[in-house]
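Below is one structure; the comments refer to it alone.
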Amino acid sequence: MDIKRCYQPEIEAASRDYLRAIQSARLIQMVKNCYENVPFYQQKFSEIGLLPGDIHSIDDISKLPFTVKQDLRDNYPFGLFAVPRDRLVRIHASSGTTGKQTVVGYTEEDVLHWSEGAARALVAAGATKDDMIHVSYGYGLFTGGLGLHYGAELLGATAIPVSSGNTQRQVQILQDFGSNFLCCTPSYALFIGETVADMGIDPKTLPLRGGIFGAEPWTDNMRREIERLLDIKAYDIYGLSEIAGPGVSYNCACQDGLHVCEDYFYPEIIDPDTLEPVPDGTYGELVFTCIGKEALPLVRYRTRDIAALNRDRCDCGRTLVRMSKPRGRSDDMLIIRGVNVFPSQVEHVILEQGLEPNYQIQVERKDNLDVMTVLIELSDAMFSDSVQVIQEAERRLKNAMLSTLGVSSSIRFADPRSLPRSEGKAVRVVDKRSLV
Ligand code: DLL
């Protein structure tokens, strides 16, 4: 493996002009590929009178139509692929809680570029070829496990394909194999951290230095909590199967936004109502165009994730644009009595109040009114506190929720360790309104 593939200053710290030249050349090639090989795109382009020759540079991207998840479902399973089956070396799928799952495919070249993204993320987090990379994302159709695994191997590091589950065994392996980096969802990292403590292990004695956590929204407060529990630095990694998998963007040592691999995945932020681009720094829907992909070259794919872009120079030297931590998905956003509430805002407030990071948001409709209840586990210490102390904590949290979210909520405390733990993507919201 070529180690230079993993930190590529000629790309990651390139001049904006150079990056735009690469993006323009790749977009032109991609549009031609879509037009010639994907009947769906040929038809979509024809409907708006667009020919591949109309695309001259990346500035022409706004001439192109959007693609949405439903388009993948309508063309299930392989209808949007631009290459014949014999060029595919891998298939993944996203489980999808509603409707058909979405199926994605990769050529050999696509797997390499995706692995580069994951390897860039590992290097940006400080991993080297001498490290042991403990992968506790699920292996299988989900892209998490194999994504980080291939990234670790490309780096020349040692991948430990533990997959998720059997948490005590995870901790045993962290200890016995001397894993240096842990890769899993932030909610699972929390559970692993708790289990380390339950097993009486001092995290300072573990060789673990960092974690690459993503696949679900998590707040900076949660990051600090995980860093404390495991005595590591925690880095964010973002991706989605439709675009590649983990490694579409990643934190560097500055932990301030996620650098997008924009030589392969061109990002835009749009207003989801007008579909017009919004200025840098403004939150909106994240859209990606897979300018470097052969098998599934999606054009202006609407992710539904809410984020903002930042083109300021990063102290790490990378010039790749940074996206904010995704706040959540527009389809996960709760509307409580007309007010938009992201579960990540609730998490932020809970942790700001020094409460436990295990919580659940329950929403129901009573007498035609939305009622939001936040269920939070008590810590062992709080559990033995007096009723007054607990009531005071409840009052403070209720006020903080109201002033931050702009909507009132009920607070309920649960016994220590009584809420379900997650080994993959956590389920934070139980919305009973859809059941009535
Ligand atoms: O979750 C890929 C992945 C695996 C990313 C491992 C990072 C680490 P999907 O299952 O297709 O793919 O889900 C993609 O998860 O649209 C976001 O809503 C959410 N998501 C992914 N990473 C983050 C993150 C993988 N760092 C969907 N922060 C995306 C917030 C994230 N949300």
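Would you point out the residue of the range 181-215, among those that are open to solvent by 50 Å² or more (accessible area, probe 1.4 Å) and not in a helix (DSSP H, G or I), that is nearest to the ligand (Cβ to nearest atom)? Filtering the range 181-215 for residues that are open to solvent by 50 Å² or more (accessible area, probe 1.4 Å) and not in a helix (DSSP H, G or I), the one nearest to the ligand (Cβ to nearest atom) comes out as ARG209. Among the candidates GLY178, GLY151, GLY145, the residue that is out of contact with any helix residue (DSSP H, G or I) (no Cβ under 8 Å at 6 or more places or on another chain), under 22 Å from CYS6 (Cβ atoms) and open to solvent by less than 10 Å² (accessible area, probe 1.4 Å) is uniquely GLY145.
Condition first: part of a loop (DSSP other than H, G, I, E, B), under 16 Å from the mean Cα position of the chain (by Cα) and within 15 Å of the ligand (Cβ to nearest atom). Can you find one or more residues in the range 289-300 that meet it?
The answer is no; no qualifying residue exists.
Scanning the range 408-431 for any residue that is over 24 Å from ASP331 (Cβ atoms), modelled with pLDDT of 95 or more and open to solvent by 90 Å² or more (accessible area, probe 1.4 Å) turns up at least one such residue. Restricting attention to the range 241-280, the residues being more than 19 Å from the chain's Cα centre (by Cα) and not acidic (Asp, Glu) number 6. Condition check: surrounded by fewer than 24 Cβ atoms within 10 Å (Cβ to Cβ) and assigned to a strand (DSSP E or B). Does ARG313 satisfy that? Criteria not met by ARG313. For the range 74-94, a residue qualifies if it is open to solvent by 40 Å² or more (accessible area, probe 1.4 Å) and within 16 Å of the ligand (Cβ to nearest atom), and the qualifying residues are TYR76, PRO77, ILE91.
Quick check on my filter: what residues within the range 95-136 are within 11 Å of the ligand (Cβ to nearest atom) and closer than 12 Å to GLY247 by Cβ? Selection gives TRP114, GLY117, ALA118, ALA121.
Taken residue by residue, the range 251-264 has at least one member that is surrounded by 24 or more Cβ atoms within 10 Å (Cβ to Cβ), within 11 Å of the ligand (Cβ to nearest atom) and assigned to a loop (DSSP other than H, G, I, E, B). Restricting attention to the range 221-250, the residues that are away from the ligand (no atom under 12 Å from the Cβ) and open to solvent by 10 Å² or more (accessible area, probe 1.4 Å) add up to 9. Taken as a whole, the condition of being farther than 30 Å from ARG85 by Cβ, open to solvent by 20 Å² or more (accessible area, probe 1.4 Å), within 15 Å of the ligand (Cβ to nearest atom) and in contact (Cβ under 8 Å) with a residue 12 or more places away in the chain does not apply to PRO277.
For ARG304, the criteria (1) surrounded by fewer than 22 Cβ atoms within 10 Å (Cβ to Cβ); (2) part of a loop (DSSP other than H, G, I, E, B); (3) among the charged types (D, E, K, R) hold in every case but one, which is (2).
The values are calculated or read from the model by the stated rules, or taken from the named source; none is laboratory data. Here the structure is a predicted model, which means the values were calculated and not measured. Neighbour counts run over all protein chains shown; Cβ positions are idealised from the backbone, glycine included. Please note that ligands, DNA and RNA were not included when accessible areas were found on the heavy atoms of the full protein model with its side chains. Shrake-Rupley method; radii C 1.70, N 1.55, O 1.52, S 1.80 Å.
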